[in-house]
Amino acid sequence: MKIQHFPQVLSQTAKNALAEEITRAITQALQCDAGVVSIAIEPVSADDWQAQVYRPEIENKKDCLIKVPNY
């Protein structure tokens, strides 16, 4: 899973907690082992958001999204 977001300072503790929560949700929903889940977080500036995130990941992959942003 790749999470793209506006730049935000996250402590290692916050990253670990986020990874644990996401891993728990994925393993429950997909009935898989936590060892097969990978998670990346990628900060993207607001200036680059349209080109790097919105067009390729949201606009061009609407059929794959299970949660759509409200913009």
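The values are calculated or read from the model by the stated rules, or taken from the named source; none is laboratory data. All of these numbers come straight from a predicted model, not from anything done at the bench. Cβ: placed from backbone, ideal geometry, glycine included. Neighbour counts: every protein chain shown.
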Within segment 1-47, how many residues turn out to be over 22 Å from Cys64 (Cα atoms) and among the charged types (D, E, K, R)? 4
Just checking, how many residues over segment 40-60 are assigned to a loop (DSSP other than H, G, I, E, B) and either surrounded by fewer than 10 Cβ atoms within 10 Å (Cβ to Cβ) or at positive phi (or both)? 1
With respect to Ala14, is the statement that it is modelled with pLDDT of 95 or more and exposed (fewer than 10 other Cβ atoms within 10 Å of the Cβ) true? no
Among all residue pairs at least 6 apart or on different chains, which show Cβ distances below 9 Å where the first residue, located in segment 32-51, is of a type in the set (Phe, Trp, Tyr) and the second is assigned to a loop (DSSP other than H, G, I, E, B) and surrounded by 10 or more Cβ atoms within 10 Å (Cβ to Cβ)? Trp49/Phe6
